[in-house]
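J.: Before we start, here is the structure in question, set down as structure tokens.
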Amino acid sequence: MQSLLEEESMRNFAENEIIKGTVIMVDRDAAYVDVGYKQEIPVPNKELAYPAPDNASDVVSVGDEIDVYIVYIGGENGMVLSKRRADEMTAWNNAKKLYEDKTSVTIKITKLIKGGLLVAFSGLRGFLPASQIELHFIRDLASYVGKEIQARIIEIDSRKQRLIFSHRVLLEEERAEKQAELLSSLQVGEIRKGRVKRVVDYGAFVDLGGIDGLVHISDLSWNHVKHPSDIVNAGDEVEVLVKNFDPETKRISLSIKDTMPDPWFAKVEKYTVGSYVVGKIVKLTDFGAFMQLEEGVDGLIRMRELSEKHIVKADEVVKVGDDVKVKIIHIDKENKKIALSITRVKQDADKAEFDQYQEKQAEQDKSAANNETEE
């Protein structure tokens, strides 16, 4: 009869299933659980939790109702139970739902290993690849050990005990939200504050608060710029004017120089049409030569104003570096252009010399006429 009763009792249980039990006693090495069997089943520390506690009371207390996994039916105690495995199965089921719902979770980083970091989540061990930690490359991964961060499960396979997390995906989504918000509020012609993120040979990238815009080297300063680093450095806070932007490509064109008055207009006020100036030839072209009146103010001497004779190339008359005297013949403030002439300097000199000769000649004729009258 006793054998039949035990057999009937065992029919209510099956291996590899999770059942509920109540903790009725706890000692240092195990917790004793009542699952409705003929006797309490001891659950040793190694099956209570991972890692195994030093004392079972660190995990459970008398009266706790817990889930246990039936590892094996039979043996000295009638069956072998594991709270650790039940917790793992529950955790894997929960993790799968979190993965499907794309829910962010808190993970604790426990160890640095090759390629990334080991993490703990709800009693499960997972992996956080180095490429999924931040938006940028991280050189010192060890500094993350012991920290808790938000992450999302990006790959899960309970059979292979594979659980992969990503913190980067959350940062990317946050950045995308900020970018969309910023792009929707941008207006061409407005001035914004930003921070220089990166300096390259052709300009500087400025972070406007979630998205970068490019300040081309030609838009850094009103003066000639040899290299962007001569004007700005990474980390500098700057004011920029929004020149243009494309919401689809997320490309933003910015200008630093347009946030301040063009010094050309202040400098050019001292020059007048018809006056003479001395400057240095700075560039030769097929249509003439450019002369620098002063820093930031250049003028063009066209071919016909270089020489009275027909010339094919500007270097037949001037060379880069030559100091020459020119006459200002036109100032176009709207297009910031100044027209200069060498030939008119000579023509004016010849005319002045001729006028002086005529005046002298007239005085001589007058003097001669007076002498004749006196005689």
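The values are calculated or read from the model by the stated rules, or taken from the named source; none is laboratory data. This is a predicted model, so every value here is computed, not measured. No Cβ is skipped: glycine too gets one built from the backbone with ideal geometry, and neighbour counts run over all protein chains shown. SASA here: full protein model, heavy atoms, side chains in, ligands and nucleic acids out. Shrake-Rupley method; radii C 1.70, N 1.55, O 1.52, S 1.80 Å.
J.: Would you mind finding the one in GLU334, GLU363, GLU308 that is under 20 Å from TYR276 (Cα atoms), acidic (Asp, Glu) and either at pLDDT below 95 or in a helix (DSSP H, G or I) (or both)?
T.: Numbers: GLU334 fails: under 20 Å from TYR276 (Cα atoms); GLU363 fails: under 20 Å from TYR276 (Cα atoms).
The match here is GLU308.
J.: Select, from GLY203, GLY235, the only residue that is in contact with a His (Cβ under 6 Å, 6 or more places away or on another chain) and not hydroxyl-bearing (Ser, Thr, Tyr).
T.: Unique residue meeting the criteria: GLY203.
J.: Is it the case, given these coordinates, that MET79 is open to solvent by 70 Å² or more (accessible area, probe 1.4 Å) and in contact (Cβ under 8 Å) with a residue 60 or more places away in the chain? Working first, answer last.
T.: Details: open to solvent by 70 Å² or more (accessible area, probe 1.4 Å): no; in contact (Cβ under 8 Å) with a residue 60 or more places away in the chain: yes.
Judged against the criteria, MET79 is not a match.
J.: Does LYS96 meet the test of being part of a helix (DSSP H, G or I), open to solvent by 40 Å² or more (accessible area, probe 1.4 Å) and under 25 Å from GLN161 (Cα atoms)?
T.: Values: part of a helix (DSSP H, G or I): yes; open to solvent by 40 Å² or more (accessible area, probe 1.4 Å): yes; under 25 Å from GLN161 (Cα atoms): yes.
When the stated conditions are applied, LYS96 passes them.
J.: Condition first: open to solvent by less than 30 Å² (accessible area, probe 1.4 Å) and part of a loop (DSSP other than H, G, I, E, B). Now tell me which residues in the range 20-36 satisfy that. Give the derivation first.
T.: Restricting attention to the range 20-36, the residues satisfying the condition of being open to solvent by less than 30 Å² (accessible area, probe 1.4 Å) are 21, 23, 30-31, 33, 35.
Matches in the range 20-36: VAL35 only.
J.: Separate question: Inside the range 47-60, can you point out the residues that are open to solvent by less than 60 Å² (accessible area, probe 1.4 Å) and either over 19 Å from THR110 (Cα atoms) or at pLDDT 95 or above (or both)?
T.: Across the range 47-60, the qualifying residues are GLU47, LEU48, ASN55, ALA56, VAL59, VAL60.
J.: Continuing with this model, one more query. Can you list residue pairs whose Cβ atoms sit under 6 Å apart, with the first residue in the range 343-357 being within 22 Å of ALA314 (Cα to Cα) and the second being not aliphatic (A, V, I, L, M)? Count only pairs 6 or more apart in sequence or on different chains.
T.: What qualifies is THR343/GLU305; THR343/GLU308; ARG344/LYS327; VAL345/LYS325; VAL345/LYS327.
Here is a yes/no grid of residues against (1) surrounded by 16 or more Cβ atoms within 10 Å (Cβ to Cβ); (2) closer than 17 Å to LYS267 by Cβ:
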| residue | (1), (2) |
| --- | --- |
| MET291 | yes, yes |
| GLU295 | no, yes |
| ASP298 | yes, yes |
| LYS309 | no, no |
| ASP315 | no, no |
| GLU334 | no, yes |
| THR343 | yes, no |
| PHE354 | no, no |
| GLN358 | no, no |
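J.: State the number of residues belonging to the range 114-152 that are under 19 Å from GLU88 (Cα atoms) and either more than 25 Å from the chain's Cα centre (by Cα) or among the acidic types (Asp, Glu) (or both).
T.: 10
J.: Looking at (1) in contact with a Gly (Cβ under 9 Å, 6 or more places away or on another chain); (2) surrounded by fewer than 17 Cβ atoms within 10 Å (Cβ to Cβ), which is the one condition that is false for ARG125?
T.: ARG125 satisfies all of (1) in contact with a Gly (Cβ under 9 Å, 6 or more places away or on another chain); (2) surrounded by fewer than 17 Cβ atoms within 10 Å (Cβ to Cβ) except (1).
J.: Step by step: first the residues of the range 177-198, then only those that are assigned to a strand (DSSP E or B) and touching a Phe, Trp or Tyr at 6+ places or on another chain (Cβ under 8 Å), then the one that is surrounded by the most Cβ atoms within 10 Å (Cβ to Cβ). Which residue is that?
T.: The selected residue is VAL196.
J.: Still on this structure, I have one more. Which of the residues spanning the range 254-289 are of a type in the set (Ser, Thr, Tyr), in a strand (DSSP E or B) and open to solvent by less than 90 Å² (accessible area, probe 1.4 Å)?
T.: Result: SER255, THR285.
J.: Is the range 161-169 home to any residue that is touching a residue at least 40 places away in the same chain (Cβ under 8 Å) and surrounded by fewer than 16 Cβ atoms within 10 Å (Cβ to Cβ)?
T.: There is no residue in the range 161-169 that is touching a residue at least 40 places away in the same chain (Cβ under 8 Å) and surrounded by fewer than 16 Cβ atoms within 10 Å (Cβ to Cβ).
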